[in-house]
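Nothing in this text is a laboratory measurement; each read-out follows from the coordinates by a stated rule. Note that this is a predicted model, so its numbers are computed, not measured. Neighbour counts run over all protein chains shown; Cβ positions are idealised from the backbone, glycine included.
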């Protein structure tokens, strides 16, 4: 049974943690606004009508509930990302990456009629919470993947130098 190698922070570990935590705060606020301020049953009904739904009035309440459940899961995921201020555990990195990868696909996953309905009702400010959250999540996911590729470990961690490696490096 092998143990995990000891890891030490690189110069990018702490900035990556702070960036992740700050983005998570912003994304939590944006997701909450989108979930409970922008989207309501009437907006979903308008979206379904524009999409040619057979019974928008009957289907909108259930769709809205499902939409909000998914939104609450993302709110939970974003809230967990705030822990990056204090933690740099592997599980947290992978949760944050999964949340941001999928949240970054929001514009592609949500029907285009949703954006039309939001703009008709609220104007451009109505799409800002989702634009900032989804676009920002895609960018954060790209940064996390970039550091994962570069360092081959979550949180831009490096293998700790052992005494033998340090001695060999200083002698050679």
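The residues 20, 32, when put in order of fewest to most other Cβ atoms within 10 Å, stand as 32, 20. Rounded to the nearest 10 degrees, the angle from helix 13-33 to the longest Cα principal axis of the chain is 10 degrees. Please grab the % of Cα pairs in the chain that end up more than 24 Å from each other. Beyond 24 Å sits 47 percent of the P(r) for the chain. If I fit a long axis through the Cα atoms of helix 41-50 and take the longest principal axis of the Cα atoms of the chain, what angle between them do I get, 0 to 90°, rounded to 10? It works out to around 80 degrees.
Exposure proxy for 44, 119, 127: other Cβ atoms within 10 Å of each Cβ, ordered fewest to most, give 119, 127, 44. Look at 74, 122, 151 and count the other Cβ atoms within 10 Å of each Cβ; fewest to most, that gives 122, 151, 74. Quick one: Debye curve from the alpha-carbon atoms of the stretch 48-95 only, equal weights, vacuum; give me log10 I(q)/I(0) at q = 0.20, 0.21, 0.28 Å⁻¹ to two decimals. Values returned for q = 0.20, 0.21, 0.28 Å⁻¹ are -0.69, -0.73, -0.97.
Ordering 61-73, 128-140 by mean Cβ neighbour count within 10 Å, with the highest value first, yields 128-140, 61-73. Relative contact order of the chain, taken over Cα pairs closer than 8 Å and 6 or more residues apart, is 35 percent.
Geometric descriptor of the stretch 1-88, per residue, is 148 Å³ (volume of the convex hull of the Cα atoms). A Förster radius of 22 Å, combined with the Cβ-Cβ distance separating residue 25 from residue 90, puts the computed FRET efficiency at roughly 0.50.
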